[in-house]
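Accompanying notes for the structure given below.
The values are calculated or read from the model by the stated rules, or taken from the named source; none is laboratory data. What you see is a predicted model, and the numbers here were worked out from it, not measured in a lab. Cβ: placed from backbone, ideal geometry, glycine included. Neighbour counts: every protein chain shown.
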Amino acid sequence: MPLKSEHTTEANITRPSNAVLVGCKEHTMDEKGRVSLPSSFRKVLQDTVILAPGQLRQVLIFTPDEYTSWLDALFAKEGGYDPTNLKHIKRMDYFTSQSEMVDIDKSGRIKVPDHLREIADLGKEVIIFGSVSNASIWNKDKWNEYMNYDPAEDFFQN
């Protein structure tokens, strides 16, 4: 399902307009792998999301439309997905076989499957943050390590 508030660009790709996923919250995951989504995210997302392994060992949260856009982006630098290219087939198979469609329950929680919790090393303390069109769930310690840099370095290098 697309974001609740959307528009279509000239390229006919669904993009969020004023309904975006932003912010960073600390949450607790229970022993069954359930975690509450931030209330601001629940206002944007539909009833079903797709959880996927991230390239940085986090769990990505997508609407189905954004998931397909993300998959397309994985191959964009190589001219798009080529079903005759073994490297492309393996990459596509990895991400689609590890991804899961999950429902958001009436309490605003999602259940992160065991294999995705293992990939991302998710324990009790997690960080959920929004990246405009998708969100991520991180191991709290790995998130803190990942964010331990000075963004000014990126902007003011000679």
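Key figures for this structure:
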{"item": "Subset tally (residues that are among the small types (G, A, S), within 20 Å of S131 (Cβ to Cβ) and in contact with a strand residue (DSSP E or B) (Cβ under 8 Å, 6 or more places away or on another chain)) for region 66-115", "result": "3"}
{"item": "Search result, residues across region 97-114 that are surrounded by 12 or more Cβ atoms within 10 Å (Cβ to Cβ), under 22 Å from T68 (Cα atoms) and not aliphatic (A, V, I, L, M)", "result": "Q98, S99, E100, D103, K111, P113"}
{"item": "Unique residue being within 20 Å of K124 (Cα to Cα), at pLDDT 90 or above and touching a helix residue (DSSP H, G or I) at 6+ places or on another chain (Cβ under 9 Å) when the list is L71, L51", "result": "L51"}
{"item": "Region 84-108 residues that are among the aromatic types (F, W, Y), paired with ones that are surrounded by 12 or more Cβ atoms within 10 Å (Cβ to Cβ) and outside any helix (DSSP H, G or I) (beta carbon under 9 Å, 6 or more apart)", "result": "Y94/P53; F95/A52; F95/P53; F95/L74"}
{"item": "When residues of region 133-158 are limited to those that are of a type outside the set (A, V, I, L, M, F, W, C) and surrounded by fewer than 10 Cβ atoms within 10 Å (Cβ to Cβ), the one modelled with the lowest pLDDT", "result": "N158"}
{"item": "Leading residue by the ranking (modelled with the lowest pLDDT) among those in region 25-40 that are of a type in the set (S, T, N, Q) and assigned to a strand (DSSP E or B)", "result": "S36"}
